[in-house]
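Taking it in order: structure first as structure tokens, then the write-up.
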Amino acid sequence: MHKKIYEIPEDWADHALVSAERYQRLYDFSFRDPEGFWSEQGRRISWIAPYTIVKDTRFDPHKVSIKWFEDGTTNAAMNCIDRHLLTRGDQVAIIWEGDDPSQSRRITYRELYEEVSRFANVLKKHGVRRGDRVTIYLPMIPEAAFAMLACARIGAIHSVVFGGFSPEALAGRIEDARSEVVITADEGVRGGKRIPLKENVDKALTRVSAKTVFVVTRTGGEIGMEKGRDFRYEEERESVSAHCPYAEMGAEDPLFILYTSGSTGKPKGVLHTTGGYLVQASITHELVFDYRDGDVYWCTADVGWVTGHSYIVYGPLSNGATTLMFEGVPNYPTVSRFWEVVDKHAVNTLYTAPTAIRALMAAGEEPVKRTSRKTLRLLGSVGEPINPEAWEWYHRVVGEGRLPIVDTWWQTETGGVLISPLPGAIALKPGSATKPFFGVVPEIVGPTGEVLHGACEGNLVIADSWPGQARTLWGDHERFAQTYFHAYPGKYFTGDGARRDEDGYYWITGRVDDVINVSGHRLGTAEIESALVAHELVSEAAVVGYPHDLKGQGIYAYVTLMQGVEPHDALRKELVSWVRREIGPIASPDAVQFAPGLPKTRSGKIMRRILRKIAEGEFGTLGDTSTLADPAVVGDLIKHRAEV
Ligand code: WT7
């Protein structure tokens with residue numbers, strides 16, 4: 001464990017929104033009296049009818065039920081737009097920076113109001129009603145935020161699907177959500193390359209059906225349009241009014257579904273509701289990033305992930321912030337791009353992922369140092385554990401040793417940050433997400449479910465609910481209860497392992513289930529396995545993660561071919577592109593090993609522990625292999641280990 005401590009810089013200790021003393025006081029209050037704490041904090045957003053009930057939550061595995069502010073009514077789009085119009089109508093809400101550095105756009109709150117209203121009116125005109133699911137498959141353009149907020153405005157439930165997902169993956173998500181409307185663009189642009197989004201939608205819709213597709217023009221590239229189903233958004237936009245009233249929604253009405261990977265093959269539709277989610281996004285955006293009026297705040301995530309939902313759209317906009325939305329990638333046109341964007345738009349807060357930091361670190365210091373970055377006040381990290389070397393580089397080179405780094409631990413299911421430093425309150429340790437946010441009660445449990453105390457290591461659970469918690473999995477409450485509440489009854493199981501040190505700091509050690517984290521993207525090994533076995537020459541597959549210098553974890557696939565099929569290199573390549581096609585580029589295996597047999601117990605269960613060790617090259621610590629049905633397979637696997 002890294003021993004170094006970075007004390008709170010003096011200017012932060014004196015001027016931050018939350019000082020060390022205030023953190024302790026508020027944390028204690030939130031712990032002793034969660035209802036009292038959240039009753040006050042709930043008022044940070046605007047309500048139509050105020051709530052009188054604050055918390056009604058039950059973690060009992062047989063009756064899981066989570067409700068916050070349940071008798072209050074509000075609207076998320078009203079909170080992100082309308083309530084700012086009087087005071088900051090002319091303030092920029094969204095700065096859009098295109099993939100091509102010569103393209104950018106600035107959208108004021110008043111313009112945001114009109115764009116979102118128009119989008120909402122287009123949806124209404126086409127019959128979208130409260131509770132309907134709308135799939136959004138867009139690149140990082142302002143219309144993605146407009147579309148999300150338009151859904152929120154009329155009470156429709158958005159399901160954003162990351163633009164890097166394949167037609168197959170998109171089809172599965174449209175089908176699961178029973179979504180009849182899809183919003184897409186002709187093409188996306190990233191790193192100078194075009195992504196055929198509309199074509200992908202067309203392919204998806206050969207497998208599942210949707211009534212209406214709206215196509216936003218991004219490149220003007222040639223696409224097919226199906227009459228009666230496909231509509232050009234720009235034409236629709238002209239035909240409607242720029243004013244649309246917001247719907248009065250219950251705090252517990254669904255706001256969005258977001259699909260994420262679990263330990264089985266089928267992605268889970270994590271459901272977030274309106275009031276509690278917004279309160280969590282708002283308070284964490286303000287306090288974790290010490291957000292001040294006038295700040296320019298940049299989260300580099302894609303809106304296809306929860307980070308984009310909470311920290312590009314809902315958190316910053318509910319706080320009346322200026323949020324930067326970036327279409328491109330860190331290394332295009334050059335590896336200085338991030339820092340050039342910081343200088344161009346005078347960014348104060350930069351929130352990015354360890355995988356990006358590691359990639360930029362590999363490009364050396366010069367591309368950073370030739371930029372000024374003097375407007376930066378705070379750095380953030382999210383998505384996977386950050387290794388101390390990358391942390392130190394981020395701190396020393398990007399932050400010139402003067403900027404705090406908030407390493408924020410959270411999940412799609414948590415809605416907002418749960419463990420993180422507050423920059424004026426908590427001294428930093430590189431690689432540690434440090435301390436719980438207000439109202440969050442982390443615990444570490446041992447192998448038999450016992451709660452461990454003091455310095456310890458085990459599985460990370462959260463003992464009580466927080467407002468931004470997911471309420472269910474879309475259409476499968478039983479799976480929700482099973483996944484998160486059965487392992488440790490009465491507690492929410494995160495799926496992560498963690499260590500707590502003698503100062504009470506938390507160190508997330510990574511997933512303890514069959515989920516892997518590749519470049520901050522969460523993937524289920526079972527998902528990749530089912531893609532592999534869908535290939536006609538594959539009889540069986542087992543996928544594990546292994547440490548990867550840039551991606552955090554790489555994907556290692558063991559593949560058993562059908563009888564009589566000879567393994568060869570071209571087939572290996574074909575399987576890699578097969579998985580790309582089935583799921584998307586982020587799921588491409590880094591290594592494929594043809595394995596005539598897999599290590600199984602006598603009852604037929606694959607022993608992944610052994611496969612993980614072999615992928616890691618740790619042959620000395622395979623553990624007990626005597627219970628295997630055929631112990632000889634292990635020697636063969638070691639002998640033919642793939643190059644990684
Ligand atoms: C998983 C959740 C959080 C939004 C983006 C990812 C890992 C996330 C950290 C961090 C160590 C982290 C965990 C978690 N993770 N942030 N700061 N330190 N691990 O959301 O796709 O739902 O993935 O990402 O393993 O369980 P997600």
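The values are calculated or read from the model by the stated rules, or taken from the named source; none is laboratory data. Owing to the predicted nature of the structure, the values given are computational and were not obtained by experimental measurement. When we count neighbours, we look across all protein chains shown, and the Cβ atoms used for this are built from the backbone with ideal geometry, even at glycine. Keep in mind that these areas ignore ligands, DNA and RNA; they rest on the heavy atoms of the full protein, side chains included. Shrake-Rupley method; radii C 1.70, N 1.55, O 1.52, S 1.80 Å.
Some observations on this one:
- Amide H contacts of SER104 (H built 1.01 Å from N, in plane; Pro and chain starts excluded): GLY98 sit under 5 Å, all sequence-distant by 5 or more or on other chains.
- Measuring with a 1.4 angstrom probe and ignoring ligands and nucleic acids, TYR259 comes out at about 20 Å² accessible.
- Here the accessible area is traced with a 1.4 Å probe on the protein chains. For the stretch 483-576, carbon and sulfur cover 50 percent of it.
- The fraction of accessible area contributed by carbon and sulfur in the stretch 75-329 is 47 percent, rounded to a whole number (1.4 Å probe; ligands and nucleic acids excluded).
- Exposure ranking of MET607, MET562 by accessible area [1.4 Å probe, largest first]: MET562, MET607
- Gain in span if fully extended, VAL565 to SER102, counting 0.36 nm per residue against the direct Cα distance: 161.5 nm
- Compactness of the stretch 75-329 is given as radius of gyration and Dmax, 16.9, 50 Å, from Cα positions.
- Estimated FRET transfer efficiency when R0 is 25 angstrom, pair THR52-VAL451 (beta carbons, to 0.05): 0.15
- With the alpha-carbon atoms of the stretch 301-438 aligned to their principal axes, the span from lowest to highest coordinate is 39, 30, 23 Å, starting with the largest.
- Take 549-555, 113-119 and order them by the average number of nearby Cβ atoms within 10 Å per residue, most first; the result is 113-119, 549-555.
- Against the criterion of solvent-accessible heavy-atom surface with a 1.4 angstrom probe, TRP578, TRP96 sort, most first, into TRP578, TRP96.
- Over the stretch 391-486, accessible surface divided per residue gives 26 Å², non-protein components excluded, 1.4 Å probe.
- Note on the stretch 37-176: along the principal axes its Cα atoms extend 52, 45, 31 Å, ordered by decreasing extent.
- For the stretch 161-232 versus the stretch 280-306, the spacing of their alpha-carbon centroids is 29 Å.
- Surface analysis of the stretch 75-329 yields an accessible area of 31 Å² per residue, using protein heavy atoms and a 1.4 Å probe.
- Reported to the nearest whole Å, the Cα centre-to-centre distance from the stretch 390-463 to the stretch 495-569 is 24.
- Exposure rank, largest accessible area first [TRP391, TRP305; 1.4 Å]: TRP305, TRP391
- Quarter of Cα convex hull surface for the stretch 519-640, i.e. mean projection, nm²: 7.6
- Among beta bridges that DSSP assigns inside the chain, antiparallel share in %, nearest 5: 60
- All Cα pairs of the chain, percent lying beyond 50 Å: 8
- Note on the stretch 417-476: Cα convex hull, mean projected area over all directions, 6.0 nm².
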